[in-house]
Amino acid sequence: MQLIKDISTLAHIPALLKLKKGMKPRPFEVIDCPGGRLETNAKRFGQQSALVFEDQVLNWSELNAAANRYAWAMKTEGLNRGDCVSVMMENRVEFLALLMGLNKIGVTAGLLNTNLTGKSLIHCITVTQSKKCIFGEEVIASVQEIYAELPMQQGQDFLFIADAGKQTAPGWSKDLKPLAASASAENPAETASTTLGETAFYIYTSGTTGLPKAAVISNRRYLISADMAGTGGLKCKTQDRIYLCLPLYHATGLLLGVGSALATGASMFVRRKFSASNFLKEVRQHHCTHMIYIGELCRYLVNSEAQADDAKNPLRSIMGNGLRPDIWMQFKQRYGISRICEFYGASEGNVAFANLMNKDLTVGMTSAEVSLVQYDVDNDEIVKDNQGFCIPAVRGEAGLLLGKITPDTVFEGYTDEAATESKVLRGALEKDDAWFNTGDLMRVVEVGYSLGYDHYQFVDRVGDTFRWKAENVSTNEVGEIINAFPQVKFCNVYGVEVPGADGRAGMVSITLNDDVKELDLKAFAQFAQNALPNYAVPVFIRVDPEIDVTGTFKMLKGELRQQGFNIDRIEGPVFVMKSDEKTYSALDQAYLEKIGNAQAGY
């Protein structure tokens, strides 16, 4: 009877059953890789559109040839299967061609966030034992600062790729473009022996102290995500085009967006960065039928000035993560979207969810074995029974998501073994089991018949991490940095909800040293901005006489989160860094009301 009531589900069943069969992980020794998929598309759809970027248009044969030239050039430079190189470039044709070329010959690419500088950039290059650093003209200033501190040979191991052509390769680097231009366009032999078990990419978790962790992305993980996204999520055909404006050094854009194109032969429209003012114009001009999103992008579009014809565009199917329930339906209706495939999964995780059945307000279902267990948010700890086992959460209530580690759901983790082990929960539900601790709260939601699978809804992050500006912020790491400010005795960092903004803004409770009467706001703001990425700089500061801790000296955050930045509930001074400023000022009632009305620009 329930099945009959949900008629819309019936159309999905044949495709989902086929997809489920195809999603069963293949053995690691099977020959397949993203670069191999590019070769296949060049054979099958050679003259069809593959990529549109600014004034460049490439078909699949041309994109494959460009990748091959980089592959041969990299071989000439002495790179071999199993080596790693660091790559730092904005979204553009050369970036994608280079990544595919490296993958074809079994070389792992460490994908550097283009916002990295200084100590954090050095760390990301060295932690993967990169043999080369390949960088674009657009990030030359960041590499210029640190190249001398890297264990690489100047003039040999730094490879420059021109962009606007305003700067030439610096003397300590080699110009890669002419090397690639003169290289062979033939498919390299190595691709035919590149296996699913080899590491395709290192994608870095968002670091807040300059020490991000490099998550391992095998060819198998990449292609499982690509096939799921292209076939089951977006449902792409070769005549479709995917709008891609997210940074491709992140998993969402690279795995779901580029992966969908590789999996189905659909073409891509790629831009360097998101632009709200150009969004609909480009979608219409280039007839983009699909899009990859993050929730912050959707919120930005919802908050932009509405036009009567916003829904008159070719977009019909979108996929991404972080689209919150408060704007889901508004975004869907305003832009005329018929299918939203919300996705959940960590770069390093072993489980993923996808809203393959197009149910509103859900991250969908998973075929992996997962468990939701009770979590005490205020005390920041898992609730356990008297035998030391986790207690399953009540159905419909929020619980900490755990993903069981099995041969089919391997936890690939990070390059750092200790960091990998820290995310594994052993003996969680029974003796000798092992689970990946996602650090996220989820709940089961009832959406009607769904092939026997539960549907889930993301609730929040727990513990010492929150998400702001589409990046994860570690409260512990930010706290360590802030404690180094001379006036600070102790600090407690946490995330607070801001109306109209995705994620949580950083807030810090500071106890000053005994000889300090008041916080030097100007000096503190300068210190924080020099030591932290922009997204990790606290938006709010409160000054308290002492920090509340547990009997084991663990800082309490529950009451602080509840009070937020409500000056009526806080005895001491509260300061705010306004959205258009770089300094702190006292938070007053007028600006508090502006924040509450979602008019503060966060």
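Overview of results
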| quantity | calculated |
| --- | --- |
| Sole residue being among the hydroxyl-bearing types (Ser, Thr, Tyr), at pLDDT 95 or above and not in a helix (DSSP H, G or I), chosen from 231, 191, 238, 209 | 238 |
| Candidates 556, 592, 521, 512 - the one that is touching a Leu at 6+ places or on another chain (Cβ under 8 Å) and surrounded by fewer than 21 Cβ atoms within 10 Å (Cβ to Cβ) | 512 |
| Condition met for residue 264 (closer than 24 Å to residue 37 by Cα and either touching a Pro at 6+ places or on another chain (Cβ under 6 Å) or assigned by TED's automatic domain parsing to the domain that holds residue 203 (or both)) | no |
| Which listed residue is modelled with pLDDT of 95 or more, outside the structural domain of residue 142 (by TED's automatic domain parsing) and touching a Ser or Thr at 6+ places or on another chain (Cβ under 9 Å), from 57, 30 | 30 |
| Hits in segment 343-383 (condition: in contact (Cβ under 8 Å) with a residue 24 or more places away in the chain and of a type in the set (Asp, Glu)) | 348, 360, 369, 378, 380 |
| Failed item in (1) over 17 Å from residue 404 (Cα atoms); (2) out of contact with any Gly (no Cβ under 6 Å at 6 or more places or on another chain); (3) assigned to a strand (DSSP E or B), with residue 452 passing the rest | (3) |
| Meets criteria (in contact with a helix residue (DSSP H, G or I) (Cβ under 7 Å, 6 or more places away or on another chain) and over 25 Å from residue 204 (Cβ atoms)) for residue 315 | yes |
| Residue under evaluation residue 273, criteria (1) in contact (Cβ under 8 Å) with a residue 40 or more places away in the chain; (2) over 16 Å from residue 100 (Cβ atoms); (3) crowded, with 17+ Cβ neighbours inside 10 Å, criterion not met | (3) |
| Options 408, 378: the member that is outside any strand (DSSP E or B), surrounded by fewer than 17 Cβ atoms within 10 Å (Cβ to Cβ), in contact with a helix residue (DSSP H, G or I) (Cβ under 6 Å, 6 or more places away or on another chain) and not small (Gly, Ala, Ser) | 378 |
| First in segment 477-495 and more than 12 Å from residue 512 (Cβ to Cβ) and assigned by TED's automatic domain parsing to the domain that holds residue 519, second anywhere and of a type in the set (D, E, K, R) and outside any strand (DSSP E or B), Cβ under 7 Å, 6 or more apart | 492/557; 494/557; 494/561 |
| Test: residue in segment 122-141 that is in contact with a helix residue (DSSP H, G or I) (Cβ under 7 Å, 6 or more places away or on another chain), of a type in the set (S, T, N, Q) and surrounded by fewer than 20 Cβ atoms within 10 Å (Cβ to Cβ) | no |
| Test for residue 477: is it over 21 Å from residue 352 (Cβ atoms) and either among the hydroxyl-bearing types (Ser, Thr, Tyr) or surrounded by fewer than 15 Cβ atoms within 10 Å (Cβ to Cβ) (or both) | no |
| Residue list for segment 383-403, restricted to those being crowded, with 20+ Cβ neighbours inside 10 Å and modelled with pLDDT of 95 or more | 390, 393, 399, 400, 401, 402, 403 |
| Options 231, 194: the member that is β-branched (Val, Ile, Thr), in contact with a Cys (Cβ under 9 Å, 6 or more places away or on another chain), buried (at least 19 other Cβ atoms within 10 Å of the Cβ) and not assigned by TED's automatic domain parsing to the domain that holds residue 531 | 194 |
| Residues located in segment 246-263, provided they are more than 11 Å from the chain's Cα centre (by Cα) and surrounded by fewer than 24 Cβ atoms within 10 Å (Cβ to Cβ) | 263 |
| Residue 197 part of a loop (DSSP other than H, G, I, E, B), at pLDDT 95 or above and at negative phi | yes |
| Selection from segment 454-474 of residues that are within 15 Å of residue 531 (Cβ to Cβ) and among the hydroxyl-bearing types (Ser, Thr, Tyr) | 474 |
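Conditions (1) under 24 Å from residue 416 (Cα atoms); (2) outside the structural domain of residue 108 (by TED's automatic domain parsing); (3) in contact (Cβ under 8 Å) with a residue 40 or more places away in the chain; (4) within 29 Å of the chain's Cα centre (by Cα), marked per residue:
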| residue | (1), (2), (3), (4) |
| --- | --- |
| 132 | yes, no, yes, yes |
| 144 | no, no, no, yes |
| 173 | no, no, no, no |
| 180 | no, no, yes, no |
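Yes or no, residue by residue, for (1) out of contact with any strand residue (DSSP E or B) (no Cβ under 9 Å at 6 or more places or on another chain); (2) of a type outside the set (A, V, I, L, M, F, W, C); (3) not assigned by TED's automatic domain parsing to the domain that holds residue 319:
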site	(1), (2), (3)
160	no, no, yes
163	no, yes, yes
168	no, yes, yes
198	no, yes, yes
243	no, yes, no
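The values are calculated or read from the model by the stated rules, or taken from the named source; none is laboratory data. All figures in this text were calculated on a predicted structure; none of them were measured in a lab. Cβ coordinates were reconstructed from backbone atoms using ideal geometry, including for glycine residues, and neighbour counts include every protein chain displayed.
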